Amino acid sequence: MENKNSNAVSSEDYFATTGDVLSTESIVDKKIIFDLQKKYQSSYEQLKKQEEIISITSHELKSPITTIKLFLNLLEELTQNQENHRVFELVQKAENQVERLVKLVNNLQEMSDLHDGKMDLKREVFNFSALLNNCTDTFSLQNPAYQLIINCNEAIEVYADAARIEQVLINFISNAIKYSPQAGEVVISVETLPNLLKLSVTDFGIGIPEADLPHVFDCYFRAHQSDKRFKGSGLGLYICKEIITQHGGEIGAISKENEGSAFWFTLPLLQ
C-alpha cells in the first residue's frame, strides 16, 4: 500500500519531475549521487554496528577487570613482605597495566554513551576553587618532582557536574605532566570573565605540531603517535570536549612545538 504521508522522494520520481532539464551529464550525476548514497548508507550501518560492539564489549569487560584487580591486590598483600621482591615488582606492574585497561574501557563506554546522547549531567552548585585544589593535591603527591603552580585566589562557585569537571581537570593536568617530562613545572590559571570562568593548564614540554593542533579534540586522534614514550587511546580530550560543550562552555588549545602547550576551557558562572 502506498504511504501517502511519506515525505521521501525516490531518485526515480525526482529525476522524472526534472526530466526537462536532464542531460547526459545529469544522468551521470544521478548515478554518482545514487552510488554515493549507497556507500554512505553502508558506512553508516557499519559504524552503528561498531558502536554497538564497543558499547557491549566495554560493559562486559568491567566485571572480569574488577575480578583481576581484586586478585592482584590480594597477591600484592601476600608478596609484600616476602624476600622475593621481583614477584612484588611484577605484581605492581600488572596492576598498572590493569589500571590502563580500566581507563580505556571507561573511555570506550563514555564515547559510546556520548554518541547515543546518554551523558547524564548531575549539576550542582560547588566551589570550583576547592575542587581544583583537591585535584592538584593528589597530583602533587603522585608527582613530587613536579611543581604545580596555581593562580586561583577566589572562591568561585559554578553550577555544573563536579565529577565531570574533575574528569576534565585530571585529563588536562595528567597530559601536561605526561608531555613535559623534563620541565618539572605546570601552571594552572583560573580567571573570571563576564559571566564565564576560564581555566587554562600550561606546560613547557614538547608541544604539538602545528598541523596536528586543529585535531587534538578529534575522536581517536593522538599527536606524537610515533613516540613510544607517550601512550594513549585518543579518547580523553574528545570526551573532555563533549563534557564542556554539554555544559555550555568552550574548549581549546594553543601550542608551539618544543615550547609547550596550554589547554583551556570555559564554564558559565553561577548567576
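Each reported figure results from applying straightforward, stated rules to the coordinates on display, with no laboratory input. Everything numeric here is computed off the predicted structure, so don't read it as measured data. All Cβ positions, even for glycine, are placed from backbone atoms using ideal geometry, and neighbour counts span all protein chains on display.
For the reader, a short list of remarks on this structure follows.
- Structure note, pairs Lys69/Lys256; Lys178/Lys198; Lys93/Lys178; Lys122/Lys256; Lys93/Lys198; Lys198/Lys256: Cα-Cα distances above 30 angstrom occur for Lys69/Lys256; Lys122/Lys256; Lys93/Lys198.
- Residue order, fewest to most surrounding Cβ atoms within 10 angstrom, among Asp161, Asp120, Asp218: Asp120, Asp218, Asp161
- Length gained when the stretch Thr66-Ile170 is fully extended (0.36 nm per residue, less Cα-Cα span): 35.2 nm
- Coupling constants for region 188-204 follow from the phi torsions by the Karplus curve (6.51 cos²θ - 1.76 cosθ + 1.60, θ = phi - 60°), and in residue order they are 10, 10, 10, 9, 10, 9, x, 6, 9, 9, 10, 10, 9, 10, 10, 10, 10 Hz; glycine and proline get x.
- Once the Cβ-Cβ distance of Glu99 and Asp29 is raised to the sixth power relative to R0 = 45 Å, the FRET efficiency obtained is 0.25.
- For region 124-268, the direction-averaged projected area of the alpha-carbon convex hull comes to 8.2 nm².
- Remark: Ser255, Ser140 ranked as Ser140, Ser255, counting other beta-carbon atoms within 10 Å and listing the fewest first.
- Calculated FRET efficiency for the pair Glu257/Thr138, C-beta based, R₀ 35 Å, to 0.05: 0.75
- Among Leu197, Leu131, Leu74, Leu141, a tally of other beta-carbon atoms within 10 Å of each Cβ gives an order, fewest to most, of Leu141, Leu74, Leu131, Leu197.
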